[in-house]
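The values are calculated or read from the model by the stated rules, or taken from the named source; none is laboratory data. Model, not experiment: these values are computed from the prediction. In this analysis, Cβ positions are derived from the backbone assuming ideal geometry, glycine residues included, and neighbour counts consider all displayed protein chains.
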Amino acid sequence: MKRRIFLASAASLLAGCAPIGTALNNNMAFMRVIYSAEKLDEAVIGTRGLAREYPPSAVDRNFRVNGFATPSDALYQGLVADDFRNYRLVVDGAVERRQALSLAHLRAMTQQTQITRHDCVEGWSAIGEWSGVRLSDVLALAQPRSDARYVVFRCMDNDGQGTMYYESLDLHQAAQPQALLALTLNGAPLDPAHGAPVRLRVPTQLGYKSAKWVARLELVGSYANIEGGHGGYWEDQGYEWYAGI
Ligand SMILES: Nc1nc2c(c(=O)[nH]1)N[C@H]1C(S)=C(S)[C@@H](COP(=O)(O)O)O[C@H]1N2
Ligand SMILES: [Mo]
């Protein structure tokens, strides 16, 4: 459907600039647009910078769990025990208005649903239906200051040796409309193993960017002084920061 709309608008654009009398089918520029539209249809990321969205029939009912173990400390287990009533998503750092948002608050905001594919760098993928709040809506509440360039996702888990998981996006990536703070997976509240109560979903980037168990969004001008200085746990081990798919 999307592709047909794209083709129709491409055709009318080209019809507008083709010399009168030129048969569209013989117009090389037009053929190139057809060709790139075919590619676009197959590509995960289209030319508009959006990750492909799938029909409900494509959803993997058993979404694989990967990464560090679900936090087992008293703090996290205490949050689980009372259904995350005491959870607050802190948004701070280079912001005008620091926030501490309850799950109820996040649930009352405009929800977005996406059926997108998660691509792990290890070579597996899974399609899930995610709902939650747009990252950009949450950041807007906190009003990032002009010196803010990145949002750092501070997570509640660690690698077993005490180093906490974290990730980061620049504010351009954070404004991408599919960058989601997910609260549900396949219609149910996020379970602890998938990052409850809040995890990032950023379907335009590799899986390790989609931070689970997010406790805090810290706005910074630079991530050079955070942990290993490369903008994320895996980036500190040598993985690419941008991680575009
Ligand atoms: N906090 C945290 N987030 C994380 C990870 C992790 O270990 N800790 N692993 C990442 C990786 S490599 C992947 S593939 C996905 C796995 O998400 P899933 O368990 O929902 O499949 O989470 C990402 N986010
Ligand atoms: Mo991954």
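Criterion applied to Glu235, Glu227, Glu167 was being part of a loop (DSSP other than H, G, I, E, B), charged (D, E, K, R) and either closer than 19 Å to Ala100 by Cα or at pLDDT 95 or above (or both), and the one residue passing it is Glu227.
Yes or no: the range 134-149 includes at least one residue that is within 16 Å of ligand 2 (Cβ to nearest atom) and either without any contact (Cβ under 8 Å) to a residue 24 or more places away in the chain or assigned by TED's automatic domain parsing to the domain that holds His194 (or both).
Taking the range 134-149 as the starting set, the residues that turn out to be within 16 Å of ligand 2 (Cβ to nearest atom) are none.
No.
Put simply, of Val198, Val152 the only residue that is within 19 Å of Gln77 (Cβ to Cβ), among the β-branched types (Val, Ile, Thr) and either in the same structural domain as Asp82 (by TED's automatic domain parsing) or in contact (Cβ under 8 Å) with a residue 40 or more places away in the chain (or both) is Val198.
Spot the failing condition for Ser168; the list is (1) buried (at least 21 other Cβ atoms within 10 Å of the Cβ); (2) of a type in the set (S, T, N, Q); (3) more than 9 Å from ligand 1 (Cβ to nearest atom); (4) within 25 Å of Asp60 (Cβ to Cβ), and only one is missed. The failed condition is (4). Out of all the residues in the range 178-190, is one or more under 20 Å from Tyr223 (Cα atoms) and touching a helix residue (DSSP H, G or I) at 6+ places or on another chain (Cβ under 7 Å)? The answer is yes; a qualifying residue exists.
Scanning the range 76-130 for residues that are free of Cβ contacts under 8 Å to residues at least 60 places away in the same chain, within 16 Å of ligand 1 (Cβ to nearest atom) and assigned to a strand (DSSP E or B) yields one hit, Ser125.
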